[in-house]
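> The structure's right below; bear with me while I get my questions together.
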Amino acid sequence: MTRPLIVANCSGFYGDRLAAMREQLEGGKVDVLTGDYLAELTMLILGRQKMKDPAAGWARTFLRQVQDCLDLVRDTGVRLVSNAGGLNPEGLAAELRDLGLTVATVSGDDVLGRDVGVPGELLTANAYLGCWGVVRALESGAQVVVTGRVTDASVVVGPAAWHHGWSRTDLDQLAGATVAGHLLECGTQATGGNFSLFADLPEGTVDHPAFPIAEIAADGTSVVTKHPGTGGLVSVATVTEQLLYELTGTRYGGPDVITRFDQVRLAQEGPDRVRVTGATGLAPSGRLKVATNRLGGFRNQMVLPLTGLDIEAKARLLARQLEPVLAPIAEVDVRLARTDHPDSAEQEESAALLHVTVKDPSQTAVGRSFTGPVIELGLASIPGFHSTAAPPAASAYGVYAPGWIDASDVPAIVGLPDGTTVQIGWEPVEGPEDDIKPVGSSPLAGGETVRVPLGSVVGARSGDKGGSATLGVYARQGKAYDWLEAFLTPERLQGLLPETDGLEVTRELLPHLSAVLFQVHGILGEGAASGTRFDAQAKSIGEWLRSRVIEVPAGLLT
């Protein structure tokens, strides 16, 4: 049996900590160093870059990291696997070859111009490829593998399948590696970054969290950890939060395996070591998700503080005065945020904020044609009229939409170090039947209750998937799970978060993680790039929920 493969992460998004690659290579042994640079929004950014420069379209920060660590990369012999190739893997590969590195590419994900079920003129359309192109690239002896739009987890699953010699039918092993990849893909979120329970930790614990490492065994189980002596924390709670992050369901569909996250179990094996077991795999569907982006038009926003007394009356006066300005604009969103406090000793704390956001196909309509008339109200409107910033210029925005395509129509194209290419096509796989077992809610605990924030008994993490928000909530103590399961229904969630009222809210249970998983469909409109919500990527919905004050059984607080 092969030894566990040590896979580390050095990026969770395009713009993450530049020093992460050096920290991982200098901190201890690493077999494969991976990085995730491609969010849904990033594909739009790269698409706009490539419109201006056909040689662009890849994540330049990855190249800067490699340039900074070139001697370390050569001396350690570490393999680098990254999706930083974005829309132009060969463009990045050429830069890396100029550094003297042996490079292979994985592409074929670009399906622009093909029918993926999304109407309109698209800017980008990229299918989520799986791990087997990465496996072939590593088999070629490449030290660096640069991919386009593979799934976030595939940059981890590929090296694990290559190292352990897994086949397409090793579904449980592929599922286990998928879980490990999901835990690594967002960088320090697995080691204490963005941790909802950080206030319970000794001060300074998560000031500079290290990037995570997974030791992936031949059976697909893994241990999540970090280099000794580095910052952050690897605990069952930090790992649970990352497991729940942007999870679209307990059956997590992928190009190579459907992973049952409801079977995953976590155990604290030692300081900063969490063992991950239990993942089981189902056969993939044969359909690939496609991330598409199109240019939606132009947007602008002005924020007007309403200070002191008569906040509602001031908002109504401004609404009447702005009505002729806003009427010709295609889409208008006016929101009053009651950030004001009565009798405040600080001026800023005495102000509410009126957010006026506009969107239109015409750049002119939301440029000076919008901001000029607003500023002209400066001496003719509410007392204390002012704006939080100078009038901004209109900016282009994009619209994300998911599409689908048959996997058999999208082979991975592997560019080998010798200049040749090979295609890795789809192969159907047979697997076990899905034994979905509904879990009934437990009765609510009785007895004395205490009115406290929900966060007193739960942790949470939220994020975005297209126009929907994902929200995972888990019990801080195991004994609280039965109460959480029974209490936090979709209807109760909508009551606690009124902005979700009227939207479709679905819930699934993950009892082995003491967690419930929600999808709030449509709350983000057409996605983060075009959204007008205060929190366009739903990053803080979990913290909003934890702040709501409710009646909690007193026994859960001891």
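For every residue, the table says whether it meets (1) open to solvent by less than 30 Å² (accessible area, probe 1.4 Å); (2) touching a Leu at 6+ places or on another chain (Cβ under 6 Å); (3) outside any strand (DSSP E or B); (4) within 21 Å of Gly85 (Cα to Cα).
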residue	(1), (2), (3), (4)
Pro392	no, no, yes, no
Val399	yes, no, no, no
Ile405	yes, yes, no, no
Ser408	no, no, yes, no
Gln423	no, no, no, yes
Glu427	no, no, yes, no
Asp434	no, yes, yes, no
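> So, in the range 262-291, how many residues would count as being assigned to a helix (DSSP H, G or I) and open to solvent by 30 Å² or more (accessible area, probe 1.4 Å)?
Final tally of qualifying residues: 1.
> Taking the range 34-48 as the search range and keeping residues that are buried (at least 23 other Cβ atoms within 10 Å of the Cβ) and over 13 Å from Asn83 (Cβ atoms), which one is nearest to the chain's Cα centre (by Cα)?
Filtering the range 34-48 for residues that are buried (at least 23 other Cβ atoms within 10 Å of the Cβ) and over 13 Å from Asn83 (Cβ atoms), the one nearest to the chain's Cα centre (by Cα) comes out as Leu44.
> Which residue out of Thr259, Thr248 is among the β-branched types (Val, Ile, Thr), in contact (Cβ under 8 Å) with a residue 40 or more places away in the chain and either surrounded by fewer than 22 Cβ atoms within 10 Å (Cβ to Cβ) or under 30 Å from Pro361 (Cβ atoms) (or both)?
From the options Thr259, Thr248, the qualifying one is Thr248.
> Quick check on the range 489-496. Is at least one of its residues in a strand (DSSP E or B) and either touching a His at 6+ places or on another chain (Cβ under 9 Å) or modelled with pLDDT of 95 or more (or both)?
Of the residues in the range 489-496, the ones in a strand (DSSP E or B) are none.
Within the range 489-496 (the criterion being in a strand (DSSP E or B) and either touching a His at 6+ places or on another chain (Cβ under 9 Å) or modelled with pLDDT of 95 or more (or both)), the answer is no, since none of the residues qualifies.
> Examine the range 462-477 for a residue that is farther than 28 Å from Leu243 by Cβ and aromatic (Phe, Trp, Tyr), and state whether such a residue exists.
Let us first name the residues in the range 462-477 that are farther than 28 Å from Leu243 by Cβ, namely none.
Scanning the range 462-477, I find no residue that is farther than 28 Å from Leu243 by Cβ and aromatic (Phe, Trp, Tyr), so the answer is no.
> Has the range 224-238 got at least one residue that is part of a strand (DSSP E or B), of a type in the set (A, V, I, L, M) and over 23 Å from Ala475 (Cβ atoms)?
Step one: of the range 224-238, the residues part of a strand (DSSP E or B) are 224-225.
Subset that is of a type in the set (A, V, I, L, M): 224.
Adding the requirement that they be over 23 Å from Ala475 (Cβ atoms) leaves none.
Among the residues of the range 224-238, not one is part of a strand (DSSP E or B), of a type in the set (A, V, I, L, M) and over 23 Å from Ala475 (Cβ atoms), which makes the answer no.
> Do we have Gly555 as part of a helix (DSSP H, G or I) and modelled with pLDDT under 90 here?
Considered against the rule, which asks whether it is part of a helix (DSSP H, G or I) and modelled with pLDDT under 90, Gly555 comes out as yes.
> Within the range 481-517, work out how many residues are over 24 Å from the mean Cα position of the chain (by Cα), free of Cβ contacts under 8 Å to residues at least 12 places away in the same chain and open to solvent by less than 60 Å² (accessible area, probe 1.4 Å).
Number satisfying all stated conditions: 1.
> Would you mind stating whether Arg60 is closer than 19 Å to Ala137 by Cβ and of a type in the set (Lys, Arg)?
On the way: closer than 19 Å to Ala137 by Cβ: no; of a type in the set (Lys, Arg): yes.
Spelling it out, it is not the case that Arg60 is closer than 19 Å to Ala137 by Cβ and of a type in the set (Lys, Arg).
To keep it simple, each residue is scored yes or no on (1) closer than 30 Å to Val458 by Cβ; (2) buried (at least 24 other Cβ atoms within 10 Å of the Cβ); (3) touching a Leu at 6+ places or on another chain (Cβ under 9 Å).
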residue: Val134; (1), (2), (3): no, yes, no
residue: Val146; (1), (2), (3): no, yes, yes
residue: Gln173; (1), (2), (3): no, yes, no
residue: Phe195; (1), (2), (3): yes, yes, yes
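> If we scan the range 55-69, do we find a residue that is over 17 Å from Glu95 (Cα atoms) and touching a residue at least 40 places away in the same chain (Cβ under 8 Å)? Before you say what the answer is, go through the steps one by one.
As a first pass, look at the range 55-69 and keep what is over 17 Å from Glu95 (Cα atoms): none.
No: zero hits.
> While we're on this one: Do you know which residues across the range 92-132 are buried (at least 21 other Cβ atoms within 10 Å of the Cβ) and farther than 22 Å from Pro402 by Cβ?
Leu92, Ala93, Leu96, Val103, Ala104, Thr105, Trp132
> Do you know which of the residues in the range 219-233 that are touching a helix residue (DSSP H, G or I) at 6+ places or on another chain (Cβ under 7 Å) and open to solvent by less than 20 Å² (accessible area, probe 1.4 Å) is farthest from Thr178 (Cα to Cα)?
Across the range 219-233, the extreme among qualifying residues is Gly232.
> Take the conditions within 20 Å of the chain's Cα centre (by Cα) and touching a residue at least 60 places away in the same chain (Cβ under 8 Å) and apply them to Ala160. Does it pass? Spell out how you get there, then give the answer.
Working: within 20 Å of the chain's Cα centre (by Cα): no; touching a residue at least 60 places away in the same chain (Cβ under 8 Å): yes.
No.
The values are calculated or read from the model by the stated rules, or taken from the named source; none is laboratory data. Computed from a prediction, not measured in an experiment: that's the story for all the values here. Heads up, the Cβs are rebuilt from the backbone with ideal geometry, glycines too, and the neighbour counts pull from every protein chain shown. The accessibility values were calculated without ligands, DNA or RNA, using every heavy atom of the protein model including side chains. Shrake-Rupley method; radii C 1.70, N 1.55, O 1.52, S 1.80 Å.
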